[in-house]
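Student: Attaching a single structure in structure tokens format; questions to follow.
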Amino acid sequence: MKELVILSGKGGTGKTSLTAAFAFFSKSMVLCDADVDAADLHLLMEPVVQQKADFKGGNEAIINPELCTGCGLCIELCRFSAIFEDTFEVDPMECEGCGVCYDLCPEGAIDFPEKTCGQWYISDTRYGPMVHAGLGIAEENSGRLVALVREEARKIVHKEKTELILTDGPPGIGCPVIASISQANAVLVVAEPSVSGVHDLKRVGELAEHFKIPAMVCVNKCDLNPEKTKMIRDAAEENNYTYVGEIPFDKNFIESMILKKSIIETGESSDAGVAVKKIWDNVMEHPAMKLERLV
């Protein structure tokens, strides 16, 4: 089994569209959407949910009005000003779940239950199984949810003897990204030809290097700024990242998203469709990804 994680230094570079296109070419794979803070792969895959479960992470203080004497110690101790002074109620948007009020309340009037932060799903798609999730608004522990989603994808792989996990990773280089690339075989960085694109490539590349994961690079909308595209290509070569290709700007990407399809389903013979197929072939030829039965 191999796992390819598709990353980008920022949102909007096209990694989800590329993941959906790659799913078309793979004949034995599990899709995994690890961008739990802003999941959108399901918009193209139209998954049919087979299993749904709550994701619990962290705790939230709740004051029991029947036991509370209004002494005000919790308000004094709370560094986040999360307790209303007039009603002695906890503001869930401000509570950081530190537990100080729970530990030190003299009346034991504060409960500290584990809270539900989101949901995760196992679904069927037209390309195969998909594991995805959604984190609640302003909720934390996205790194833990990413790890859970990837673990469920691996369970499916081992059960069904699948050959590949295609993971649509989160943007940036933070905790969710780190959780999405651990134990992966390779990452593909989707860059855009801009000043920030060059900078973002270096950041993501350094992260992959730190975890000793082979990095590949492609440029989306390469013809919009040939100079920056060349800079990204040169940066990839200088840092020994495998440069796997370029995708020209193509309105078919937009049209395919409107239709909830991949670029290959709506425009396989278009310039962008042909470029994506070449990138897929190059990715699968990388030593870290080579698997005889992959098509």
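Where a number appears in this text, it was derived from the coordinates with a stated rule and is not lab data. These numbers come from a predicted model, not from an experiment. Positions of Cβ are generated from backbone atoms using ideal geometry, with glycine treated the same way; all protein chains shown enter the neighbour counts.
Student: In the stretch 227-259, which residues have a backbone nitrogen under 19 Å from the label point lying 7 Å from Asp40's Cα in the Cα-to-Cβ direction?
Tutor: 247-259
Student: Which order do the peptides 111-119, 65-73 come out in when sorted by mean C-beta neighbours inside 10 angstrom, highest first? Walk me through the numbers before you get to the answer.
Tutor: Working: 111-119: 16.0, 65-73: 11.8.
Output ranking for 111-119, 65-73: 111-119, 65-73.
Student: Kindly list the residues of the stretch 165-180 that lie in the label zone of Lys202, defined by a backbone N under 18 Å from the point 7 Å along the Cα-to-C-beta vector.
Tutor: 172-174
Student: While we're here: Between the stretch 187-208 and the stretch 3-31, how many Å separate their Cα centres?
Tutor: The stretch 187-208 and the stretch 3-31 have Cα centres separated by 16 Å.
Student: Once R0 is set to 30 Å, what does the formula 1/(1 + (r/R0)^6) return for the Cβ-Cβ distance between Phe249 and Gln50, expressed as a FRET efficiency to the nearest 0.05?
Tutor: Given R0 = 30 Å and the Cβ-Cβ separation, E is 0.20.
Student: Taking a Cβ-Cβ separation under 4.7 Å as the criterion for a possible partner, which cysteines of the chain have none?
Tutor: So, Cys32, Cys68, Cys71, Cys78, Cys95, Cys98, Cys105, Cys117, Cys175, Cys218, Cys222.
Student: In the structure shown, do any of Lys10/Lys290; Lys2/Lys161; Lys10/Lys228; Lys27/Lys161 have a Cα-Cα gap over 20 Å, and if so which?
Tutor: Lys10/Lys290
Student: Would you grab the residues whose amide H sits under 5 Å from the one on Ile247? Only those 5+ places off in sequence or on another chain, please, with H modelled 1.01 Å from N.
Tutor: Residues meeting the amide H criterion: Val219, Asn220, Lys221, Cys222.
Student: Could I ask something else about it? Would you list His132, His286 from fewest to most Cβ contacts within 10 Å? Don't skip to the end; give the middle numbers.
Tutor: Working: His132 27, His286 17.
By the 10 Å Cβ count, ascending, the order reads His286, His132.
Student: Now for a separate question. Once Cα Rg over 2.2 N^0.38 Å is worked out from the coordinates, which option in (i) 1.18; (ii) 0.95; (iii) 1.04 does it equal?
Tutor: The value computed from this structure is option (i).
Student: Then there's this: Quick check: the distance between the Cα centres of the stretch 221-295 and the stretch 95-122, to the nearest angstrom?
Tutor: 45 Å
Student: Show which lysines lie in cross-link reach of Lys115 when reach means a straight Cα distance below 19 angstrom and same-chain residues fewer than eight apart are skipped.
Tutor: Here the lysines satisfying the reach criterion relative to Lys115 are Lys52, Lys56.
Student: I would also like to ask the following. Once you keep just the Cα pairs under 8 angstrom separated by 6 or more residues, what percentage relative contact order results for the stretch 61-112?
Tutor: This gives 49 percent for the stretch 61-112.
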